[in-house]
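Below is one structure, written out as structure tokens, with a few remarks after it.
What follows is calculated from the coordinates using simple rules that are stated; it is not laboratory data. Note that the structure is predicted; figures quoted are calculated from it, not measured. When we count neighbours, we look across all protein chains shown, and the Cβ atoms used for this are built from the backbone with ideal geometry, even at glycine.
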Amino acid sequence: MAHTHEFAVIGLGRFGSSLALTLEEHGNYVLGIDDRLEIVQSLSNSLTHVVSLDATDDNALRGVDIAHFNTVVVAIGTDFESNLLITVALKQLGVKRVVSKAINARQRDILLRVGADRVVLPEMEAGERLAVELVTPNLLERFPISPGYSIAEISVPKKFIDVPLAKSNLRGTYGINVLVIKRDKEIITSPGPHVRLHADDLVVVLAQDSDIERISDL
């Protein structure tokens with residue numbers, strides 16, 4: 001499905017380029033940024049928008065209107081000082097959501113302390129997986145079980161709050177099979193058609209990946 005999210009990815013190494021390409025494949029507007037001209041040139045035919053600039057320069061970031069992007073990912077792993085400076089600058093420039101890459105727990109803690117909204121450790125989380133999470137805000141966890149299909153834990157989309165499962169028609173309209181509802185300390189397995197979803201519920205579903213993305217956008 002088409003998305004209207006706008007992302008910038010700063011640092012186009014293996015992780016950053018994988019993330020940027022996957023975000024674009026999901027129909028998002030993506031700006032790739034790297035200070036290495038050869039990297040930018042190598043991705044110019046794969047990414048629609050890619051520029052070479054020094055992201056530690058606030059004026060360079062203003063020049064690409066960085067604050068306009070919904071989410072900016074700082075995917076720099078080899079130069080932590082630059083990563084840190086860019087993360088701070090992005091928040092000062094007004095970027096709503098900054099996701100920064102770290103290579104260890106100490107870096108993660110520092111980045112969170114200076115304002116990063118989220119920090120990822122690529123050893124634990126591949127770029128493709130992060131891309132899916134970024135464009136499906138209700139998605140909490142996803143476990144692939146076969147090509148194109150997953151079991152996922154999602155928060156309840158606003159559209160379905162206080163609506164009986166039968167009336168929501170999650171299976172017929174959206175291809176979503178509700179397996180479990182987690183409600184406070186209660187676990188509701190194989191919920192019946194008259195069960196209503198609450199705003200704070202967590203729902204474990206089985207569906208095609210595309211349907212999980214679609215339901216998470218509602």
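A Förster radius of 41 Å, combined with the Cβ-Cβ distance separating R113 from D162, puts the computed FRET efficiency at roughly 0.60. For the listed residue pairs K158/K182; K96/K167; K96/K159; K96/K158; K158/K185; K101/K158, the alpha carbons are over 27 angstrom apart in K96/K167; K101/K158. The phi torsions of segment 149-156, fed into the Karplus equation with coefficients 6.51, -1.76 and 1.60 and a -60° offset, translate into couplings of 10, 8, 9, 9, 10, 10, 7, 6 Hz, rounded to whole numbers, with Gly and Pro shown as x. Counting neighbouring beta carbons within 10 Å and listing from fewest to most, the residues L61, L84 come out as L84, L61. The C-alpha radius of gyration of segment 6-135, expressed as a fraction of 2.2 N^0.38 Å, stands at 0.93.
With r as the distance between the Cβ atoms of T48 and L121 and R0 = 41 Å, compute the FRET efficiency 1/(1 + (r/R0)^6) and round to 0.05.
Numbers: r = 28 Å, r/R0 = 0.69.
In this case the efficiency is close to 0.90.
For the chain, what proportion of DSSP beta bridges, expressed in % and rounded to the nearest 5, is antiparallel?
Details: 23 of 44 bridges.
If I count the DSSP bridges inside the chain, around 50 percent turn out antiparallel.
Please order D211, D57, D109, D117 by the number of other Cβ within 10 Å, starting at the fewest.
On the way: D211 22, D57 14, D109 11, D117 17.
Taking fewest neighbouring Cβ atoms as first place, the list is D109, D57, D117, D211.
Listing L111, L202 from fewest to most neighbouring C-beta atoms within 10 Å gives L202, L111. Scanning residues 5 or more positions from V119 or on other chains, those with amide H under 5 Å from its amide H are S100, with H placed 1.01 Å from N in the peptide plane.
Compute the Kirkwood hydrodynamic radius of the chain, taking the inverse of the mean of 1/r over all pairs of distinct Cα atoms, and give it in Å to one decimal.
On the way: mean 1/r = 0.0538 Å⁻¹.
The Cα-based Kirkwood calculation yields 18.6 Å.
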